[in-house]
Amino acid sequence: MANLRNLKKDIDYLVSEVVSDCYTYMYLHGEEKREQVVKLIEEVVYTRNDLFRRANNPDKSFDKKQLKKHYKDIYSDLLTNVDNAFSQLSELTK
């Protein structure tokens, strides 16, 4: 991760990919499992907002090393949550 701006762009990009795939699923499958997909979208958007809050408001007492770990943890949480969301969406297609 080079800087905070790139982290925010990655968060937005990955979350928008999940949401886009959810809308594509709803378009192709109609009303089938619509509530579950909408719930998944809500969870992903909530996660996005939480990650942005964490990225914008690190603890003021962090030194440089702790701050770097903080942002790595945010990025790790992003990848984990996006992977889980894609897994949940693919489970709905079965």
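Structure summary
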| read-out | value |
| --- | --- |
| Some residue of the stretch 33-56 being over 17 Å from Val19 (Cα atoms), in contact (Cβ under 8 Å) with a residue 12 or more places away in the chain, of a type outside the set (Phe, Trp, Tyr) and not in a helix (DSSP H, G or I) | no |
| Qualifying positions in the stretch 2-35 - of a type in the set (Ser, Thr, Tyr) and exposed (fewer than 15 other Cβ atoms within 10 Å of the Cβ) | Tyr13, Ser16, Ser20, Tyr23, Thr24, Tyr27 |
| Odd one out for Phe62 among (1) within 18 Å of the chain's Cα centre (by Cα); (2) part of a loop (DSSP other than H, G, I, E, B) | (1) |
| Long-range neighbours under 8 Å by Cβ, at least six apart or interchain, first residue under 14 Å from Asp50 (Cα atoms) within the stretch 67-85, second of a type in the set (Lys, Arg) and surrounded by 12 or more Cβ atoms within 10 Å (Cβ to Cβ) | His70/Arg54; Ile74/Arg54 |
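Rundown of residues vs (1) under 29 Å from Leu92 (Cβ atoms); (2) at pLDDT 95 or above, yes/no style:
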residue: Ile11; (1), (2): yes, yes
residue: Glu32; (1), (2): yes, no
residue: Arg48; (1), (2): yes, yes
residue: Tyr71; (1), (2): no, no
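The values are calculated or read from the model by the stated rules, or taken from the named source; none is laboratory data. Given the structure is predicted, the values throughout are model-derived calculations rather than measurements. Using ideal geometry, Cβ is built from the backbone for each residue, glycine included, and neighbour counts are taken over all protein chains shown.
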